[in-house]
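The values are calculated or read from the model by the stated rules, or taken from the named source; none is laboratory data. In this text the structure is predicted, and so the values were computed from the model without any measurement. All Cβ positions, glycine included, derive from the backbone under ideal geometry; neighbour counts span all protein chains shown. Accessible surface is based on the protein model in full, side chains and every heavy atom, while ligands, DNA and RNA are left aside. Shrake-Rupley method; radii C 1.70, N 1.55, O 1.52, S 1.80 Å.
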Amino acid sequence: IITNLKTNHTKSNININQRINDLKREYQETVKRQQKLNEEQLDPLYNQREKINENYHAQVKKITESITQELDALNHEFDRQKIDYETTKNAYIKERSEAISVVNTKLTLHKQNINKQKEILTLSIKNNPKNNSNTEIISDYNRQLKRLDNELNRHVIQAKKDLASIQKEFAKRFYLHDIKHIENMNTWRYERQLRDYQRKYLLNKLDAELEH
């Protein structure tokens, strides 16, 4: 009887162990099947998420590069406008200086010519002592000197008018040139601020689309 009990007990243990092993195997197979099923269900989601992330970063790069190129172009435009401004200003300065020089040169020539005439006139009187006692000759001499002085005075007055006109003309040119430059700079600043705003707006829009 004891032997039979032992035998039956051993068989029962074997059956129990076998059943436990079967349950473990079934559990592991179930876990594997579930993992495979989860992977099959989750992989498309992961892939979709990965594609969304890749597209997001590609769009960020595209926006950044596009705006950067536009900003670089604006910076080159700024440099060009600055060079143009200085070039035109220097050209005005040179032109004004040349115009003033022409007026001064003409006045100098007039002075030299009139002084030469006065010198010749004076020598003609001095070279003939009799002229000093001739009232008519002395009066004529004085009239000619006065005429030459008046002529010189007219040239001086005209030169002053010409110089004032030149200064007025170039003051107007410089003023309009500065106004145009200021307008160009204001436009440049507006365009640059607009690009910065566009970049922030597009990137924020991408972030909002990604969150949804």
For segment 57-145, the Debye formula with one identical point scatterer on each Cα and no solvent gives log10 I(q)/I(0) at q = 0.14, 0.26 Å⁻¹ as -0.76, -1.14
Spacing of the two label points (7 Å from each Cα toward its C-beta) at D79 and T122, in nm: 6.3
Looking only at Cα atoms, what is the convex hull volume of segment 111-199 per residue, in Å³? 67
If the cut-off is a Cα-Cα distance under 21 Å, which lysines reach K32, setting aside same-chain residues fewer than 8 apart in sequence? K24
Express in Å², to the nearest 10, the accessible area of H155 obtained by rolling a 1.4 Å probe over the protein heavy atoms while all chains stay in place. 50
Run the quick spin-label model on K106 and H57: label points 7 Å from Cα toward the beta carbon, then report their separation in nm to one decimal. 7.5
Going through K94/K160; K111/K160; K89/K161; K89/K160 one by one, the pairs whose alpha carbons sit over 22 Å apart turn out to be K89/K161; K89/K160
Hits among lysines - C-alpha to C-alpha of K62 under 18 Å, sequence gap 8 or more where chains match: K51, K200, K205
Which percent of the accessible heavy-atom area of segment 72-212 goes to carbon and sulfur, probe 1.4 angstrom? 53
Set the Förster radius R0 to 30 Å, insert the Cβ-Cβ distance between Y201 and K180 as r into 1/(1 + (r/R0)^6), and round the FRET efficiency to 0.05. 0.45
